[in-house]
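K.L.:
This is the structure I have questions about; it appears just below.
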Amino acid sequence: MTWDVHAPYKEESRKIVWEVAPYLRGRGLDIGAGDFKVLPHVISVDNMSHAKFGFRSKPDIVCDASVLDVFAGQSMDFVYSSHTLEHIEDYTTAIKEWWRIVKQGGYLILYLPDEDEYPKCGQPGANPDHKWDVSYDKLLAAMDPLKGWDLVDFQKRNQDDEYSLLFIFKKTGAAKHIFSFKNSKPEKTACVVRYGAYGDLMQSSSVLAALKVDGYHVTLFSSLPGASVVTEDPNIDNLVLFDKDQVPNANLIDFWRHQKSKFTKLVNLSESVEGTLLAMPGRTLHFYPPALRHSFMNRNYTQMQHELAGVPYVLRTKFYATDDEKEWAVKQRKKCGAGPVVLWSLAGSSVHKTWAGLDSVLATFMLDMPTCTVVLVGGPECVILEQGWENEKRIIKTSGKWSIRETLSFSAQCDLIIGPETGVMNAAACEPVPKIVFLSHSTEENLTRDWTNTISLYGKGTKCAGRGSDEAPACHMMHYGWDVCARDEETGTAQCQKDITVAEVWSAITTALHLPP
């Protein structure tokens with residue numbers, strides 16, 4: 001028995017919070033939260049009977065744990081409860097009620113005192129308010145009548161100050177129950193942590209592939225929308241998505257430390273580029289002289305991530321389209337006719353990631369290449385960049401219409417891809433299709449050094465806070481506005497993008513498409 005009456009009091013949820021945090025995504029309940037809500041975003045539910053123990057917290061919802069009619073059926077992504085169910089005499093009815101409000105694909109997480117590790121009801125030291133003694137068999141018997149679940153994890157936790165059982169059920173709706181926690185565990189496991197935009201996730205795909213080649217079972221911790229570009233990656237065995245602030249920033253170190261203990265290898269790619277090879281506003285490197293900052297940060301992004309992961313560097317960046325996505329892309333290509341098709345990625349996630357001379361080059365395409373089709377892609381904010389071409393049938397405007405996965409699937413059907421430092425360009429890094437990249441805060445060494453069939457352009461002679469008087473070929477800075485990014489007043493784009501001339505771009509296009517100069 002691990003329970004000790006003399007042990008100092010500690011809220012039970014504190015013992016388990018980083019273990020269950022990956023399952024607490026979306027909207028959900030902490031039933032019987034007491035004085036400690038498992039995570040800040042969770043809705044706490046309690047009947048306030050704990051007030052007699054001197055607890056002062058007030059739950060978000062005050063009600064009986066067995067009667068949750070304030071919540072609609074299948075309205076919650078998860079229901080979590082720690083050391084509460086043992087206080088409910090009719091616990092089977094309570095479980096049924098909790099299960100009712102869990103969405104399909106959602107989780108019921110129960111952390112309960114183990115009758116083998118804690119005094120049984122009526123024994124010395126037992127909580128007099130406990131109504132029954134919890135065991136694996138009793139809990140499974142209560143869950144058995146409920147339709148369709150997978151017991152994805154079960155743990156008998158009797159180390160240190162724990163004396164409990166952990167059950168994590170996933171609502172499947174299947175005809176039979178599944179016990180996937182019993183599946184054999186792989187010998188080598190790696191957890192890769194990578195949040196970020198589409199380009200960040202595409203760069204990490206090379207690391208994932210290298211880990212898989214090295215024999216690892218790979219789990220990726222990530223977030224949407226960035227992770228949408230890797231959902232079909234065969235090198236990911238388990239994709240765990242997190243919402244923004246699901247684990248508060250102040251607690252990330254504790255969370256990662258706990259996760260590290262669960263895997264053979266934990267590869268944390270957070271700030272592997274941003275903050276390390278791209279200076280963050282307000283941090284010391286942001287204020288370095290341009291040439292000095294360049295000397296520190298002119299390293300290849302993807303190679304750096306491989307080195308962090310401890311795997312050999314071979315660039316394997318790849319977007320994996322489904323068969324349906326490939327079929328859709330082929331149909332879209334047929335609509336464009338027999339001539340060359342150019343995909344133009346209009347803008348990235350920062351203010352400096354759009355090129356100033358778009359309209360001039362589009363006009364040249366239309367005049368000099370009568371069979372060419374140009375497909376403009378981007379998010380809803382890029383619609384404004386498409387204006388003026390509404391009556392030109394050979395310029396197909398898809399900003400805000402195509403999803404990122406549709407765009408990346410279609411890129412494989414094109415004869416040329418053009419754009420700034422975006423996820424679209426990163427996804428095509430290893431593809432044979434010719435690419436023209438407008439570099440801004442990165443150098444060729446940083447980004448495109450090892451890309452296939454790629455022409456990299458950057459502004460020459462640029463004067464700005466990040467590059468000084470053209471003292472470095474890139475500023476190596478993160479930009480969240482125009483504070484330290486010089487804006488060209490005529491075009492409204494970053495000065496470094498204005499300094500890439502139309503003549504340079506058209507020359508690159510003729511080279512990429514093997515056209516006469």
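K.L.:
In nm, what is the difference between 0.36 nm times the number of residues separating Phe36 and Asp161 and their Cα-Cα distance? Please report the intermediate quantities before stating the final value.
P.N.:
Details: separation 125, 0.36 × 125 = 45.00 nm, distance 1.73 nm.
Additional length available on full extension: 43.3 nm.
K.L.:
Taking K and R as +1 and D and E as -1, what net charge do the other residues with C-beta under 11 Å from the C-beta of Trp18 add up to?
P.N.:
+3
K.L.:
Based on the alpha-carbon set only, what is the convex hull volume of segment 12-182 divided per residue, in Å³? Before the final figure, lay out the partial values.
P.N.:
On the way: hull volume 19.5 nm³, N = 171.
Each residue corresponds to 114 Å³ of Cα convex hull volume.
K.L.:
Taking R0 as 22 Å, what's the FRET efficiency between His258 and Thr172 from their Cβ-Cβ distance, rounded to 0.05?
P.N.:
E between His258 and Thr172, to the nearest 0.05, is 0.25.
K.L.:
Also, quick follow-up: To the nearest µm²/s, what D does Stokes-Einstein give for segment 189-309 at 4 °C and 1.567 mPa s, using the Kirkwood radius over alpha carbon pairs as Rh?
P.N.:
85
K.L.:
Would you please state which residues of segment 105-142 a label at Phe154 would reach in this model, taking the label point 7 Å out along Cα→Cβ and a backbone N cut-off of under 12 Å?
P.N.:
135-142
K.L.:
If you put +1 on each Lys and Arg Cβ and -1 on each Asp and Glu Cβ, how big is the dipole of segment 12-182 around its Cα centre, in Debye rounded to 20?
P.N.:
Roughly 640 debye for segment 12-182.
K.L.:
Still on this structure: If you consider only alpha-carbon coordinates, what radius of gyration and Dmax does segment 323-512 have, in Å?
P.N.:
Looking at segment 323-512, its Cα Rg and Dmax stand at 16.1, 50 Å.
K.L.:
Could you work out how far apart the two model spin labels at Ser295 and Leu308 are, taking each label as a point 7 Å from the Cα in the direction of the beta carbon, and quote it in nm?
P.N.:
Taking the simple label geometry, Ser295 and Leu308 are separated by 2.5 nm.
K.L.:
Hey, any idea what Rg/Rh is for the chain, computing Rh the Kirkwood way over Cα pairs?
P.N.:
When Rh is taken as the Kirkwood radius, the ratio is 1.06.
K.L.:
Starting from a Cα-only point model with no solvent, please compute log10 I(q)/I(0) by Debye for segment 341-412 at q = 0.24, 0.28 1/Å.
P.N.:
So the normalised log intensities are -1.19, -1.46.
K.L.:
Place the peptides 157-167, 409-419 in order of packing, highest mean first, counting for every residue the other Cβ atoms within 10 Å and averaging per peptide.
P.N.:
409-419, 157-167
K.L.:
Also: Under a Cβ-only charge scheme (Lys and Arg +1, Asp and Glu -1), can you give me the dipole magnitude of segment 323-512 about the Cα centre, in debye to the nearest 20?
P.N.:
Taking the Cα centre of segment 323-512 as origin, the dipole is about 400 debye.
K.L.:
Are there trypsin sites (Lys or Arg not before Pro) in segment 181-246 that DSSP puts in a loop and that have at most 14 other Cβ atoms within 10 Å, and which ones?
P.N.:
Sites meeting the loop and neighbour criteria: Lys188, Lys244.
K.L.:
Distance in nm between label sites at Thr322 and Asp483, each 7 Å beyond Cα in the beta-carbon direction?
P.N.:
Between Thr322 and Asp483, the simple spin-label model gives 4.1 nm.
K.L.:
How large is log10 of I(q)/I(0) for segment 140-192 at q = 0.24, 0.27, 0.28, 0.32 Å⁻¹ when the intensity is taken from the Debye formula with one equal scatterer per alpha-carbon?
P.N.:
-0.97, -1.04, -1.07, -1.18
K.L.:
Quick one: what do you get for segment 288-334 if you divide its Cα Rg by 2.2 N^0.38 Å?
P.N.:
The value comes to 1.97.
K.L.:
Shifting gears a bit: Under unit Cβ charges (Lys, Arg +1; Asp, Glu -1), what dipole magnitude, rounded to 20 debye, does the chain have relative to its Cα centre?
P.N.:
760
K.L.:
Another question about this same structure. Return, for the Cα atoms of segment 190-230, the radius of gyration and Dmax in Å, separated by a comma.
P.N.:
9.7, 28
K.L.:
Also, quick follow-up: What distance in nm separates the two pseudo spin-label positions at Lys334 and Lys96, each 7 Å out from Cα along the beta-carbon direction?
P.N.:
Roughly 5.5 nm, to one decimal.
K.L.:
Residues of segment 331-359 with backbone nitrogen within less than 20 Å of a virtual label 7 Å along the Cα-to-Cβ line of Met366, please, listed as ranges.
P.N.:
Residues 336-347, 355-359 qualify, since their backbone N sits under 20 Å from the label point.
K.L.:
How much length would be gained if the chain were fully extended between Lys185 and Asn251, taking 0.36 nm per residue of separation minus their Cα-Cα distance, in nm to one decimal?
P.N.:
Gain in length upon complete extension: 20.9 nm.
K.L.:
Related question: Loop only per DSSP, at most 12 neighbouring Cβ atoms within 10 Å: give me the GluC sites (Glu not before Pro) in segment 430-517, ordered by residue number.
P.N.:
Listed in order of number, the matching sites are Glu489, Glu490.
K.L.:
Given R₀ = 25 Å, what would the calculated FRET efficiency be for Leu515 paired with Lys393, taking r from the Cβ atoms and rounding to 0.05?
P.N.:
0.70
K.L.:
Another question, then. Compute the Rg/Rh shape ratio of segment 427-517: radius of gyration over Kirkwood radius, all on alpha-carbon atoms.
P.N.:
1.00
Read-outs: derived from the displayed coordinates by stated rules, not from any lab. Everything numeric here is computed off the predicted structure, so don't read it as measured data. Here Cβ is always computed from backbone atoms with ideal geometry, including for glycine, and neighbour counts include all displayed protein chains.
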